[in-house]
Amino acid sequence: MVNIEQLLNDLCFQPIGEHNGIIKRIKGVISNTKPNPQKLFVAEGIWLASMCLKFGTPIESLIVCPEHVRTPEVAELIKNLSARTQDRFSVSAKTYEKISEKGQPDGIMALAALPQWDISQFNPPQKAVILVIDGVEIPGNAGTMLRMADGAGADAVFFCNRKVRMTHPKLIKASQGAILTVPTFEFTSAGDCRAWLKEHGFTVYLADTRAPHFHYDEPFGKNAALVVGSERYGIAREWYDGEYEMIAIPMLGKCDSLNVGVAATVLTYEACIKNKMKDKTL
């Protein structure tokens, strides 16, 4: 078993207490009480810290609680992540538990930054598929759709009229790491988003239960943007004054609609299969 105290000493970890500025900074990121222009988030635990390592996520600082480190896997992760930041700190179990959101902490936590995607550098391929998330309010739904977009092979996710915090722990967890890999762009208004889609030759489809035809009837085969709306209000009214197609998912039971994440999954997979796998054998 690795001597974790010796390892932290060899890696020049600095012991700090609960009143240290870095602890206050982490608390502020978690509670969203301070400005966060760098889009910092807390990557706690083996799995999420490993995702940051795998995808080259920028690490601002690394915090370790030796009392909670129980496996050689964590020790190896500490060594690898230590090479990514000069700001390395060790804390007591009492201090760590004040910032941890895990019932059984692994003793490792990184303050990391989400990727900063630049829309001016984004060049969609032919037959691209983009998911446009308009006004969604529940972090778990947003994270689930990012995870799904990765699985379906969508080229990007656009957030329009964003109501969720991108660094929210529930969004990060639900995305299963996709928040670190899927090109994600934000538009402050539907007008700006629509202008970009028009400039780049996208056909826009609005997910709407009132649509005259179903998703499986649409051949796609061209640049497609699929717009889904908020859980309470649906797609913003601004989207309906354009010449956009509406498509529906058939509801064969008693309910009149699907959860937004489920609806986005059905539509995105349909478009991606037809646009990206038409000439491939499933």
Label GLU245 and THR181 with points 7 Å out from Cα along Cα→Cβ: what is the distance between them in nm?
-> 3.0 nm
Total charge dipole magnitude, region 119-276, about the Cα centre, Cβ charges on Lys, Arg, Asp, Glu only, Debye to nearest 20 | 460 debye
Once you treat every alpha carbon in region 4-113 as an equal point and sum by Debye, what is log10 I(q)/I(0) at q = 0.16, 0.19, 0.21 Å⁻¹?
-> -0.63, -0.92, -1.16
Suppose R0 equals 22 Å; then what is the FRET efficiency for LEU252 and LYS198 from their Cβ-Cβ distance, rounded to the nearest 0.05?
-> 0.05
GNM on the chain, Cα springs under 10 Å; top mean-square fluctuation among ASP118, ASP241, ASP217 goes to ASP241
Calculate, for LYS27 and TYR216, the FRET efficiency according to 1/(1 + (r/R0)^6) with r their C-beta to C-beta distance and R0 51 Å; round to the nearest 0.05.
-> 0.60
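GLY103: net charge of surrounding residues, Cβ under 12 Å, Lys/Arg +1, Asp/Glu -1, itself excluded? Can you show the working numbers first?
Values: positive: LYS102; negative: GLU44, GLU97, GLU101, ASP106.
That works out to -3.
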Between region 231-282 and region 90-162, the alpha-carbon center distance in angstrom = 21 Å
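Compute the signed sum of charges (Lys and Arg +1, Asp and Glu -1) over the other residues within less than 14 Å, Cβ to Cβ, of ALA113. Intermediate values should be presented prior to the final figure.
Working: positive: ARG25, LYS39, ARG84; negative: GLU60, ASP87.
My count for the surroundings of ALA113 gives +1.
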Too long at a 21 Å Cα-Cα cut-off: which of LYS27/LYS94; LYS173/LYS276; LYS98/LYS170; LYS34/LYS79; LYS127/LYS274; LYS34/LYS94?
-> LYS173/LYS276; LYS34/LYS79; LYS34/LYS94
Is it possible to state the helix-based mean residue ellipticity at 222 nm for the chain, with each DSSP H run of 4+ residues giving -39500 (n - 2.57), the sum divided by total residues, to the nearest 500 deg cm²/dmol? What is it?
-> -10000 deg cm²/dmol
Distance histogram in 10 Å bins (all Cα pairs of the chain, percent per bin) = 6, 27, 28, 18, 14, 6, 0
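Can you tell me how much longer the chain between GLN38 and PHE122 gets when fully stretched, taken as 0.36 nm per residue apart minus their C-alpha distance, in nm with one decimal? Kindly include the intermediate steps, with their values, before the conclusion.
Details: separation 84, 0.36 × 84 = 30.24 nm, distance 2.02 nm.
Fully extending the segment from GLN38 to PHE122 adds 28.2 nm.
Relative contact order for region 87-195: what is it in percent, counting Cα pairs under 8 Å that are at least 6 residues apart?
26 percent
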Summing +1 for each Lys or Arg and -1 for each Asp or Glu, what net charge is found among the other residues whose Cβ lies under 13 Å from the Cβ of THR268?
-> -1
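Values in this text are rule-based calculations from the coordinates and carry no lab data. Model, not experiment: these values are computed from the prediction. Glycine gets a Cβ as well: all are built from the backbone with ideal geometry, and neighbour counts include every protein chain shown.
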